[in-house]
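Here's the structure we're looking at; comments come further down.
The values are calculated or read from the model by the stated rules, or taken from the named source; none is laboratory data. Worth saying up front: this structure is predicted, and the values here are computed from it rather than measured. FYI the Cβ positions are ideal-geometry reconstructions off the backbone, even for glycines, and counts take in every protein chain you see. We work out accessible area using only protein heavy atoms, side chains counted, and drop any ligands, DNA or RNA first. Shrake-Rupley method; radii C 1.70, N 1.55, O 1.52, S 1.80 Å.
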Amino acid sequence: MSSTLSKVYEPASVEARLYTWWRDSGLFVPSDDHGDAPSYTVTLPPPNVTGRLHMGHALTATIEDTLVRWHRMRGFATRWLPGTDHAGIATQVMVERDLLAKEGKSRLEVGRESFLRRTWAWKEDHGGAIDGQLERMGASLDWGMYRFTMDEVSSRAVREAFVTLYEQGLIYRDHRLINWDWGSQTAVSDLEVEARDVDGKLWQIAYPVTGTEETLVVATTRPETMLGDSGVAVHPEDPRYRHLVGKTIDLPLTGRTIPIVADPILVDMEFGTGAVKVTPAHDFNDFETGKRHDLDLIQVIDLDGRICAPAPARFVGLSVSEAREAVLAELEQGGALVKVEPHAMKVGHSQRSGVIVEPLPSTQWFVNVAPMAEKALAAVKDGATRIVPGHRANDYYRWMENIHDWCISRQLWWGHRIPAWYCGACEAISVSRQDLAACQKCGSGEVRQDEDVLDTWFSSGLWPLTTLGWPEQTPAFKTHYPNTLMETGWDILFFWVARMMMFGIHFTGEPPFKDIFLHSMVLGEDGQKMSKTKGNVVDPIELIDEYGTDALRFYLATMGGQEHGIVFSRKRVEGYRNFCNKLWNASRFAMMNLEGVDMDAFRSEVVTPGRWELLSVADRWILNRCAQMLKTVDAELKGWRLDLAAGKAYQFVWHELCDWYLELSKANFKEGADPTARGRSQGTLALVLDLTLRALHPFIPFVTEEIWQQLPGRQADSKSLMTAAFPEFSGDEGATPGPLANLASLLSAPAVLEAVADIELLERVIHKRRNLAADARVPPAKRVPLQIRTSNQDAWARVERVRDALCFVGRVTELSRLDEDAPLPHGAAVDVVDELEIVLPLDGLVDIEEEKRRIAKDLDKRRKELEGLTRKLANAGFTSKAPPHVVEAERERLVAVTRNIEKQEHLLAQLSGSTP
RNA sequence: GCGACCAUAGCUCAGCUGGUAGAGCGCCUCGUUCACACCGAGGAGGUCUCAGGUUCAAGUCCUGAUGGUCGCACCA
């Protein structure tokens, strides 16, 4: 006797135990004896080392683990690589905040060395929590291959990449305009600037033309930047201003005189006044314009986001917004403010600190990515790497085609320090893989390393390389590069995926993965992006505590295929919790009835030659349904449709296996049942459950493993379900050896197809009988006699074949046939199923009027259907142009509907006649 | 401004290459049938956003509009 399962599935008592067992048994590591099995490698997008698991991580973990487990069961040499990211700004800010709260000090006060020590300590204390959370998700990661983006291997890889790119001239240092995040006190890349909608204003300011009474009115959204203006631009073809080109402006408030230039690129005559103030130091377009006209670069905003000299002293120290007020006030006083109008616009904000990003001139390190982008673009266009869903490739193309140089230096302390050394003696720059104590040019020991660190995404971009030990040519690298799959959210397509593509190809000549699968975002239940301020954040761990990991995973798997945002639904998670419980209880029922199951006998007697007719109609039917489900799951998984695969399995388990088969099988499991029939039903049930658990395991690993371990009659091809063979259909109708051996014929054998039709009829008859009983307020549990009125011998023969099952599940005490012409018993409820009239004798309890209403209603529907069909078939266009099988199907439908209507009309007449 | 995606039952979502509108939840009526009340039985509920077009046939393909989401972009 198998051990008894508890009445309700309790995830908490199962998950940790199974996870530990899996991991300690080495099941997450590909075994050495895979021989020539194809490899399947996925690298987990490394979460921030001090981060906590959010729904995005949970979705990633679910999709990847499902795919990984699926491939592992299919026999691939499967490896899923874990790790964490040092997350430059994010982590540094946390530690800074902590330092301020606990000691009231800034990082500058404690100094770089001490601050870094604290950050490492913080990482030790708070890091790794997310690893435990990934374990709770059931993630079958190869923990032995764990990597951190700032560990030794990663650091070596980063230096190797940096130095190589420098030597190739693709990394360089330059003084130019960059995006400055004064909130975090660092430069940021274009990608880290997000344009937010702002209700701004457009001010018109009159600039006096030198030596004349004339003014030139410029339009601006940032009047405070006039303090740094070094010119005014007009369109060369603008008749209003042509005479002013070459003259100068007496710039108000500053005492400076600046030129009026003609520039067709910057100026749009239609916009504003057609005259643009040019501030090369604080606007990217103006910077370019300044270069074209050799205008001065006058920086008036400093690294703190405050006005600085050479702006007039009275403005120095003011914040940008204060300066704006002050400037406007003075201009207004001087009568220079001509007009103000509201102006909706986009303003760049730092993705990290949220402050408005100031463009300003600065010396930074850049990567010239264009040459790499070209190859990365080609890799996708050529199909070497495929992006799923396909339309995302368009975003990728656009971005790659319009790529700008990447600013990679950050004025932070937490990160990979730039491996460049400046010589105090000869001023040379040395870039090196090893730390330098002397200048490579002059040998002077007076060298100091660049203070800055690299953008976090620089090391992330190398991730598929570093996880495998690159630049060392490790065995792991040889086996697992390129990865099979990169699965991540589309929000980091540019930040991360694009960079990995570029670096991967550049350093190895091969793109880092074959497939890129991009999932969408999980939104709050209100349909908005989850955010703490909105209070709509859902914590996956809390969901696991409440519903179990499998419930959350199944939910996320069914949502994963969506191409739009996923609006979270707690109710659906709850629904999948219920599903796990349903599966659990179905298995519980099975175990109560599988004592002594003899699978060897079952396989040799029934399965081997495919002698399906030895099985009961119900047994044949469920095996067919199961095979169909497996085929669908297999096909949908191969098409990336986890949602449809999961949905199919759900539907099968609940509505075919539980709703019908388990009920039907009870007759064979009852005391006194025929031992042979019992044995075959046992074999059927054990086989179906075994196969179903295998198919479901990638989605809901815990509950399936827990059941499978206790399931009598399972095929013991593995100690764990994790490494048991997946029931996989091959391309044709056949199936791979293993669990599906000899089962392919279930989809086509006549004896099986006949059983399928029989059970479908049985379902419809029982449904009708329940319907009649419910309408007549007969309690569902009450057993009743049932009569079937028909003269159609074939139809009746079919009923005869399922008689016992029908009576058993339909709670029918006695099933008898009435001839078509026979009168209805007095007060019987009647309805029609195809050729059969289902007669439920009710001893006059039936409400004849209700009866008639129901039939009349259905009759009405049928007549409309008939009308439509008739019209369709009378249409020569249809009969001549539609494919023959479609026309034929419609003809058959017409016959069936006609027959049904006749039956119902007859019935209605009869009922009306019998009304007193 | 350019582009993508979405618009199907009260809610969250399926509906593949065009061929009788589906699921889960919610709602209504029953039910302590020996796997499960995290359950069972029955039921109500949709002119598939709108307008055109292609077709014998359109939720499905095309065009346009409207609404929503999201990318990209220097309109001062």
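Based on Cβ point charges of +1 for Lys and Arg and -1 for Asp and Glu, what charge dipole magnitude is obtained for the stretch A:197-314 about its Cα centre, in debye rounded to the nearest 20?
On the way: 11 positive and 19 negative charges, 64 e Å.
Magnitude of the dipole: close to 300 debye.
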Burial order of peptide ranges A:412-419, A:432-439 (average beta-carbon count within 10 Å, highest first): A:412-419, A:432-439
Accessible area per residue in Å² at 1.4 Å probe, computed on the stretch A:255-379: 48
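How much of the accessible area of the stretch A:62-107, in percent, comes from carbon and sulfur atoms when a 1.4 Å probe is used?
Of the solvent-accessible surface of the stretch A:62-107, carbon and sulfur hold 54 percent.
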C-alpha long axis of helix A:392-401 to longest principal axis of chain A, angle in °: 20
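Using alpha-carbon pairs under 8 Å, 6+ residues apart, how would you state the relative contact order of the stretch A:183-340 in percent? Present the calculation step by step, with values, prior to reporting the outcome.
On the way: 288 pairs, mean separation 38.9, N = 158.
After rounding, I find 25 percent.
Across the stretch A:528-643, how many lysine pairs, 8 or more apart or on two chains, come within less than 25 Å at their alpha-carbon atoms? Don't skip to the end; give the middle numbers.
Details: A:Lys529/A:Lys571; A:Lys532/A:Lys571; A:Lys534/A:Lys571; A:Lys571/A:Lys582; A:Lys582/A:Lys631.
Total qualifying Lys-Lys pairs in the stretch A:528-643 comes to 5.
For A:Arg770 and A:Glu401 in one chain, what is 0.36 nm times their gap in residues minus the Cα-Cα distance, to one decimal in nm?
Here the segment from A:Arg770 to A:Glu401 would lengthen by 126.4 nm.
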Cα-centre dipole for chain A with unit charges at Cβ (Lys and Arg positive, Asp and Glu negative), debye to 20: 1300
Nearest-10 value in Å² for the accessible area of A:Lys346, using the 1.4 Å probe: 130
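Let me know the shape class of chain A, please: from the alpha-carbon gyration tensor, a ≥ b ≥ c as square roots of the eigenvalues, rounded when a/c is under 1.5, otherwise prolate if a/b is greater than b/c, or oblate. Please report the intermediate quantities before stating the final value.
Numbers: a/c = 2.95, a/b = 1.90, b/c = 1.56.
Note, shape of chain A comes out prolate.
I need the shape label for the stretch A:249-356. Rule: rounded when a/c is under 1.5, else prolate if a/b > b/c, else oblate, with a, b, c from the alpha carbon gyration tensor.
Values: a/c = 1.26, a/b = 1.13, b/c = 1.12.
Rounded.
What ranking do A:355-366, A:374-385 get when scored by the average of other Cβ atoms within 10 Å per residue, highest first? Intermediate results must be reported in sequence, preceding the final value.
On the way: A:355-366: 19.5, A:374-385: 16.8.
Final packing ranking: A:355-366, A:374-385.
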Accessible area of A:Asp36 in the full protein assembly, 1.4 Å probe (Å², nearest 10): 150
Distance from the stretch A:306-349 to the stretch A:852-866 (C-alpha centre basis), Å: 77
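Restricting to DSSP loop positions (anything but H, G, I, E, B) with no more than 13 other Cβ atoms inside 10 Å of their own Cβ, which GluC sites (Glu not before Pro) remain in the stretch A:222-274? Present the calculation step by step, with values, prior to reporting the outcome.
On the way: sites: A:Glu224, A:Glu237, A:Glu270; in loops: A:Glu237, A:Glu270.
Hits after loop and neighbour filter: A:Glu237, A:Glu270.
Of the beta bridges DSSP finds with both residues in chain A, what % are antiparallel, to the nearest 5? Please report the intermediate quantities before stating the final value.
Values: 66 of 95 bridges.
Counting only bridges with both partners in chain A, antiparallel ones make up about 70 percent.
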Cα lying deepest toward the dipole's positive end in chain A, options A:His885, A:Ile759, A:Ser39, charges on Cβ: A:Ile759
Given charges at beta-carbon only (K, R positive; D, E negative), |dipole| of the stretch A:671-786 in Debye: 700
With every protein chain in place, the stretch A:236-304: carbon and sulfur % of accessible area (1.4 Å): 51
Across A:Lys346/A:Lys381; A:Lys247/A:Lys346; A:Lys7/A:Lys666; A:Lys346/A:Lys375; A:Lys857/A:Lys903, pairs whose alpha-carbon gap is larger than 26 Å: A:Lys346/A:Lys381; A:Lys247/A:Lys346; A:Lys346/A:Lys375
3J(HN,Hα) from dihedral phi, the stretch A:608-619, Karplus parametrisation 6.51/-1.76/1.60, rounded to Hz, x for glycine, proline: 3, x, x, 8, 5, 5, 5, 8, 5, 4, 5, 4
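Leaving ligands, DNA and RNA out of it, rank A:Ser587, A:Ser745 by accessible area with a 1.4 Å probe, largest first.
Listed by decreasing accessible area, they come as A:Ser745, A:Ser587.
Provide the per residue accessible area, probe 1.4 Å, for the stretch A:108-167, rounded to a whole number of square angstrom. Working shown, then result.
Values: 2660 Å² over 60 residues.
Normalised by residue count, the accessible surface of the stretch A:108-167 is 44 Å².
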Relative contact order (%) - criterion: Cα under 8 Å, at least six apart; region: chain A: 12
Alpha-carbon centroid distance for the pair the stretch A:356-414 / the stretch A:754-793, whole angstrom: 65
Ellipsoid equivalent to the stretch A:460-543 - semi-axes via the Cα gyration tensor, in Å: 34, 13, 11
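Compute the semi-axes of the equivalent ellipsoid of the stretch A:628-707, taking the square root of 5 times each eigenvalue of the Cα gyration tensor, and list them largest first in whole Å.
Details: eigenvalues 158, 30, 22 Å².
Output for the stretch A:628-707: semi-axes of 28, 12, 10 Å.
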For the stretch A:204-227 versus the stretch A:255-288, the gap between their alpha-carbon centres in whole angstrom: 11
Cβ-derived FRET efficiency at R0 25 Å, A:Thr479 paired with A:Asp151, nearest 0.05: 0.75
The stretch A:22-104, relative contact order in percent, only Cα pairs under 8 angstrom and at least six apart counted: 42
Disulfide-incompatible cysteines by the Cβ rule (no partner under 4.7 Å) in chain A: A:Cys308, A:Cys407, A:Cys580, A:Cys626, A:Cys658, A:Cys807
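Which value, in Å³ per residue, describes the convex hull spanned by the Cα atoms of the stretch A:146-202? Spell out each step's value before the answer.
Working: hull volume 9.6 nm³, N = 57.
Hull volume normalised by residue count: 169 Å³.
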Positive-end residue of A:Ala896, A:Phe28, A:Ser140, charge dipole of chain A with Cβ unit charges: A:Ala896
Area accessible to solvent at A:Thr479, 1.4 Å probe radius, in Å²: 80
